[in-house]
Amino acid sequence: MPNMLLSSEAVNRDGIKKSGGKTSVDMASSDMKPKSISRAKKWSDEIENLYRFQQAGYRDEIEYKQVKQVSMVDRWPETGYVKKLQRRDNTFYYYNKQRECEDKEVHKVKIYAY
């Protein structure tokens, strides 16, 4: 389960210090709307999972859980990456255990802050 931020400044699981807004990994409320957006600059595990959600047509895990009414997302146990997602048209996307977001695609990933 994602950790909740209690202060305005924290270090995320990739060791990156962030101030102010909380990212999609930090919050999991049912009616959350993003307050701001930024683009990814370099690849990380968090960016990899956001890339997979956005390929399937969702902003992030929060929106996926809201739309599909699920409590858990299928993940690869070895890597923690998203394994399977269901698009809005009920088509399934299956992902590999390894990294799928190439360096040339990283800048396309949107990071939403709540």
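The values are calculated or read from the model by the stated rules, or taken from the named source; none is laboratory data. These numbers come from a predicted model, not from an experiment. In this analysis, Cβ positions are derived from the backbone assuming ideal geometry, glycine residues included, and neighbour counts consider all displayed protein chains.
Suppose we keep only residues that are touching a Leu at 6+ places or on another chain (Cβ under 9 Å) and part of a loop (DSSP other than H, G, I, E, B) within the stretch 72-108. Which one would you say is nearest to GLU48 (Cα to Cα)? Walk me through how you get there before you give the answer.
Our first condition is that a residue be touching a Leu at 6+ places or on another chain (Cβ under 9 Å); within the stretch 72-108, this holds for 73-74, 92-95, 101.
Remaining after also requiring part of a loop (DSSP other than H, G, I, E, B): 73, 95, 101.
Details: VAL73: 14, TYR95: 11, CYS101: 6 Å.
Here the answer is CYS101.
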Would you tally the residues in the stretch 67-102 being over 27 Å from LYS41 (Cβ atoms) and not charged (D, E, K, R)?
-> 11
If only one of SER44, SER36 is modelled with pLDDT of 50 or more, among the hydroxyl-bearing types (Ser, Thr, Tyr) and farther than 13 Å from VAL109 by Cβ, which one is it?
-> SER36
Condition check for ASP74: free of Cβ contacts under 8 Å to residues at least 12 places away in the same chain and not aliphatic (A, V, I, L, M) | yes
For SER30: the one exception among (1) modelled with pLDDT under 95; (2) within 21 Å of ASP103 (Cβ to Cβ) = (2)
Taking the stretch 44-99 on its own, how many of its residues are surrounded by 14 or more Cβ atoms within 10 Å (Cβ to Cβ) and touching a Gly at 6+ places or on another chain (Cβ under 7 Å)?
-> 2
Counting only residues that are in contact with an Asp or Glu (Cβ under 8 Å, 6 or more places away or on another chain), closer than 14 Å to GLU102 by Cα and not polar (S, T, N, Q), the stretch 47-87 contains a total of 4
